[in-house]
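Only one structure is covered here, and it is reproduced in the block below.
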Amino acid sequence: MLSIAWPDIDTVLLDMDGTLLDLHYDNHFWLEHLPQRYADLHGVSRAMAELELQPLFENNAGKLCWYCLDFWTRELQLPVRELKLETAHLIALKPDADTFLAAIRNAGKRVILITNAHRDSLSLKLERVELAPYFERLISSHDYGFAKESPQFWNALKSDIDFDPARSLFIDDTLPILRSARDFGVAHLLAVREPDSRKGPRDTAEFEAVEDYRALIETL
Ligand SMILES: [Mg+2]
């Protein structure tokens, strides 16, 4: 059972993909759908597509361009936005994520979305799941020009929203991002036990993890 010091928290910062939304959509898109459509549209085998994509994925993971649809559109010579729509039916909230958001709002917390998703990916998702109304702000790291993995992101966030890291809770499914928040001084941190519903639970190293939003609401 998680113990969260709710009275010491007035701001809740939340990641989107893998935290509030099932990461299955993104994993399926990047690991299955995109390689297949790359093969179809460039007239190569699926194996060749994987071979060509692999170094691009490895060289750009964790950088801001990794999350940028313009970058991939240019780099892969593919209409990435349209391709994303082809699997949009897989975009889904994690169980009880919306109930959790409503509960923390009702408890008087500032609730802010901070995502590395490109604005276009963010819009695509917000059109399909009802998330926007729960948030005071929806911030894409592309607005600042630094990914959440970078210390500069946190400085930019601080000057933008004026939050107290010592009185903030941040939930994210990416461990290097949680470490970056910790280095900045964010005092309350939670990972996510199962970002992708098809892949099962995973080890979250030194971080405690949300397993069930309903159980988290009960600690409020
Ligand atoms: Mg995430």
About its Cα centre, the chain carries a charge dipole, from +1 on Lys and Arg Cβ atoms and -1 on Asp and Glu Cβ atoms, whose size in debye to the nearest 20 is 220
Highest GNM mean-square fluctuation among 129, 12, 44, for the chain with Cα springs under 10 Å, belongs to 44
Scoring the chain by relative contact order with C-alpha pairs under 8 Å, at least six apart, yields a percentage of 30
Note to self, the chain gives a 222 nm [θ] from helices alone (DSSP H runs n ≥ 4, -39500 (n - 2.57) apiece, / all residues, nearest 500) of -11500 deg cm²/dmol
Here P(r) for region 153-196, Cα-Cα distances in 10 Å bins, as whole percents, is 28, 54, 17, 1
The answer for trypsin sites (Lys or Arg not before Pro) in region 125-220 that fall in a DSSP coil and have at most 14 neighbouring Cβ atoms within 10 Å is 198, 199
Note: region 1-121 at 37 °C, 0.692 mPa s; Kirkwood Rh on alpha carbon pairs; Stokes-Einstein D in µm²/s works out to 198
Descending packing, highest mean Cβ count within 10 Å first, for 85-91, 30-36 is 30-36, 85-91
So, with points 7 Å from each Cα along the Cβ direction, the residue 218-residue 132 label distance in nm works out to 3.5
Summing +1 per Lys or Arg and -1 per Asp or Glu among the other residues with Cβ less than 10 Å from residue 81's Cβ gives -2
Highest mean packing first, using Cβ neighbours within 10 angstrom, the peptides 1-8, 62-69 sort as 62-69, 1-8
Expected unfolding gain across residue 86-residue 4 under the 0.36 nm per residue rule, minus the alpha-carbon gap, is 25.6 nm
In nanometres, the difference between 0.36 nm per residue of separation and the alpha-carbon distance of residue 74 and residue 202 is 42.7 nm
Charge dipole of the chain built from unit charges on the beta carbon (Lys, Arg +1; Asp, Glu -1), centred at mean Cα; most positive-end Cα among 2, 27, 139 is 139
Env charge @ residue 135, Cβ radius under 10 Å, K,R +1 / D,E -1, value +2
One finds the C-alpha centres of region 163-197 and region 44-66 to be spaced, in Å, by 27
Percent relative contact order for region 25-89, counting Cα pairs under 8 Å at least six residues apart, stands at 34
Expressed in nanometres to one decimal, the distance between label points 7 Å along Cα→Cβ at residue 107 and residue 187 is 1.5
So, relative contact order of region 120-191 in percent, Cα under 8 Å, 6 or more apart, is 25
The simple spin-label model distance between residue 58 and residue 211, using points 7 Å out along Cα→Cβ, in nm, is 3.6
Any residue on another chain or 5+ positions along whose placed amide H is under 5 Å from the amide H of residue 188 is listed here as 168, 170
Charge tally for neighbours of residue 188 with beta carbon under 15 Å away, counting Lys, Arg as +1 and Asp, Glu as -1, is -3
Hydrodynamic calc, the chain: Kirkwood Rh from Cα pairs, then Stokes-Einstein at 37 °C with viscosity 0.692 mPa s, so D in µm² s⁻¹ is 181
Per residue convex hull volume, Cα only, region 1-64, in Å³ is 139
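Read the figures in this text as sums done on the coordinates, not as results from a lab. Just so we're clear, the structure is a prediction, and the values are computed from it rather than from any experiment. Heads up, the Cβs are rebuilt from the backbone with ideal geometry, glycines too, and the neighbour counts pull from every protein chain shown.
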